[in-house]
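Undergrad: Let me give you the structure first, and then I'll get to my questions.
The values are calculated or read from the model by the stated rules, or taken from the named source; none is laboratory data. Please read these numbers as outputs of a predicted model, since none were measured by experiment. All Cβ positions, even for glycine, are placed from backbone atoms using ideal geometry, and neighbour counts span all protein chains on display. All accessible areas refer to the heavy atoms of the entire protein, side chains included, with ligands and DNA or RNA removed. Shrake-Rupley method; radii C 1.70, N 1.55, O 1.52, S 1.80 Å.
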Amino acid sequence: MKIVTGDSRLVAANLSHQLGLSDTRIITGPDLHRMSDGALIKHVVDADIFAEIEPNQKERIIVALRKAGNVVGYMGDGINDASALHAADVGISVESAVDVAKEAADIVLLEKDLSVLVQGVREGRATFANTLKYVFMATSANFGNMFSMAGASLFLSFLPLLPKQVLLTNLMTDLPEMTIATDSVDKAMVAYPRRWDIKAISKFMITFGMVSSIFDYLTFGVLLLILHSTPNQFRTAWFTESVVSASLIVLVIRSRKPFYRSKPSKYLSITTLLVVIATLVLPSTPLGQIVELSHCQCLFIYPSR
């Protein structure tokens with residue numbers, strides 16, 4: 001926490017003492033005038049109080065904190081706070097603030113209670129963590145399926161999956177992913193604020209997608225070279241393997257801990273289980289016949305020669 005005020009440094013120091021802060025480092029407005037933007041970025045993180053600050057310097061402090069890699073929330077209620085509220089990642093004001101401050105803020109507190117901010121931060125970080133789970137899952141699975149489908153098309157004399165089977169695969173694998181929003185989040189994921197990391201997402205997508213494709217190609221080899229499956233049997237087996245593996249893998253990537261040490265939410269667990277059961281039963285149902293899935297027993301008991 002940092003205090004930014006236009007009051008004198010003595011008043012600011014006394015306020016910090018009343019708040020229980022000790023060994024505070026104070027930077028004043030005149031100090032900022034003598035600092036370049038590069039120097040401010042280096043010193044802004046270590047400072048606890050900014051005193052005798054002019055209105056335009058508040059925005060400069062916020063910008064420096066953000067450039068230093070911080071996620072910045074700023075709370076103010078006056079006209080002089082408007083630019084800083086707008087520059088912060090999250091601007092916070094109060095119901096009794098001037099209209100300009102409330103319009104510039106992202107959050108307006110209706111009661112004199114800061115505990116709602118703590119809960120809001122926790123919920124926001126949990127939501128962001130679950131959003132990352134969905135992004136990781138969707139991008140890697142789609143990349144892996146695309147690579148597998150393109151590779152299989154090079155040596156197969158038939159379509160690896162029919163269009164309606166592809167659509168059904170997407171629908172069934174999306175069901176567990178939709179419940180990720182209700183999933184529990186590890187404490188480590190909400191311990192500090194996070195930002196979008198496109199490089200990390202791309203790396204995960206390529207790595208995990210390629211691993212998924214390797215298992216797909218192993219499945220192709222077993223189906224074609226060992227079981228000598230027919231096109232219908234091939235599609236049924238790959239459909240089953242794709243949906244079941246994609247549904248179960250959600251339970252693995254949802255946490256950095258081993259999957260047995262991080263308990264998923266009730267809805268994610270139930271949805272995943274139901275999708276796995278439905279996938280295994282589907283070929284034996286009338287719907288399976290409509291999408292041209294053959295009975296599983298046909299593949300494993302009576303492989304074609």
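Undergrad: For segment 62-204, report the convex hull volume of the alpha-carbon atoms normalised per residue, in Å³, without decimals.
TA: Values: hull volume 22.8 nm³, N = 143.
Once divided by residue count, the hull of segment 62-204 is 159 Å³.
Undergrad: Using a 1.4 Å probe on the protein heavy atoms only, what accessible surface does residue 4 show? Give it in Å² to the nearest 10.
TA: Solvent-accessible area, nearest 10 Å²: 40 Å².
Undergrad: Here's something else I'd like to know. On each of the three principal axes of the Cα atoms of segment 14-117, give max minus min coordinate, whole Å, ordered largest first.
TA: 37, 28, 24
Undergrad: What GluC sites (Glu not before Pro) in segment 97-166 are in a loop by DSSP, with at most 16 other Cβ atoms within 10 Å of the Cβ?
TA: Of the GluC sites (Glu not before Pro), the ones in loops of segment 97-166 whose Cβ has at most 16 other Cβ atoms within 10 Å are 111.
Undergrad: Go through segment 232-262 and name the chymotrypsin sites (Phe, Trp or Tyr not before Pro) that are in a DSSP coil and have 15 or fewer other Cβ atoms within 10 Å of their Cβ.
TA: Working: sites: 234, 238, 239, 259, 260; in loops: 259, 260.
Sites meeting the loop and neighbour criteria: 259, 260.
Undergrad: Please calculate how many Å² of accessible area the chain carries per residue, with a 1.4 Å probe and no DNA, RNA or ligand atoms counted. Could you put the intermediate results ahead of the total?
TA: Values: 17620 Å² over 305 residues.
Result: 58 Å² per residue.
Undergrad: Sticking with this one: Let me check I have the definition right: for segment 188-292, take the eigenvalues of the Cα gyration tensor, multiply each by 5, take square roots. What are those semi-axes in whole Å, largest first?
TA: Sorted largest first and rounded, they come to 32, 19, 11 Å.
Undergrad: Can you pull out the trypsin sites (Lys or Arg not before Pro) in segment 164-236 that DSSP calls coil and that have at most 16 other Cβ atoms within 10 Å?
TA: 194, 195
Undergrad: Separate question: Just to be sure I understand the curve: with the Debye formula and one point per C-alpha of segment 157-239, what is log10 I(q)/I(0) at q = 0.13 Å⁻¹?
TA: Each listed q corresponds, in turn, to -0.66.
Undergrad: Moving to a separate point now. For the charge dipole of the chain, defined by +1 on Lys and Arg C-beta atoms and -1 on Asp and Glu C-beta atoms about the Cα centroid, which residue among 128, 73, 178 has the Cα displaced farthest towards the positive pole?
TA: With unit charges placed on the Cβ atoms, the residue in question is 178.
Undergrad: With an 8 Å cut-off on Cα pairs and a minimum separation of 6 or more residues, tell me the relative contact order of segment 87-204 in percent. Spell out each step's value before the answer.
TA: Working: 60 pairs, mean separation 32.3, N = 118.
Result for segment 87-204 is 27 percent.
Undergrad: For segment 118-186, count the residues as N, evaluate 2.2 N^0.38 Å, and divide the Cα radius of gyration by that value, please.
TA: Taking N as the residue count of segment 118-186, the ratio is 1.53.
Undergrad: Oh, and also: Got a sec? What order do 66, 60 fall in by accessible area at 1.4 Å, biggest, i.e. largest, first?
TA: On the way: 66 95, 60 60 Å².
Largest to smallest exposure gives the sequence 66, 60.
Undergrad: Taking Cα centroids, how far is segment 80-113 from segment 176-219 in Å?
TA: 35 Å
Undergrad: A follow-up question, please. When Rg and Dmax of the Cα atoms in Å is calculated directly from the model, which label among (i) 28.1, 91; (ii) 24.8, 102; (iii) 24.6, 74 fits?
TA: Here the calculated entry is (i).
Undergrad: Protein chains only, probe 1.4 Å: how do 183, 23 rank by accessible area, largest first?
TA: Per-residue accessible area, sorted high to low, gives 23, 183.
Undergrad: Only bridges whose two residues both fall in the chain count here: according to DSSP, what percent of them are antiparallel, nearest 5? Can you show the working numbers first?
TA: Numbers: 0 of 11 bridges.
About 0 percent, rounded to the nearest 5.
Undergrad: Name the residue farthest towards the positive end of the dipole of the chain from the options 97, 264, 221, assuming +1 on Cβ of Lys and Arg, -1 on Cβ of Asp and Glu, about the Cα centre.
TA: 221
Undergrad: For the chain, which whole-number percentage of the solvent-accessible area (1.4 Å probe, protein heavy atoms only) is attributable to carbon and sulfur atoms?
TA: Its accessible area is 63 percent carbon and sulfur atoms.
Undergrad: Moving on to the next point. For a quick check of understanding: with a 1.4 angstrom probe and all protein chains in place, what accessible area in square angstrom does residue 115 have, to the nearest ten?
TA: Result for residue 115: roughly 70 Å² accessible.
Undergrad: OK, next. I'd like the accessible area for residue 89, computed on protein heavy atoms only with a 1.4 Å probe and all protein chains in place. Round to 10 Å², please.
TA: Around 50 Å² of this residue is reachable by solvent.
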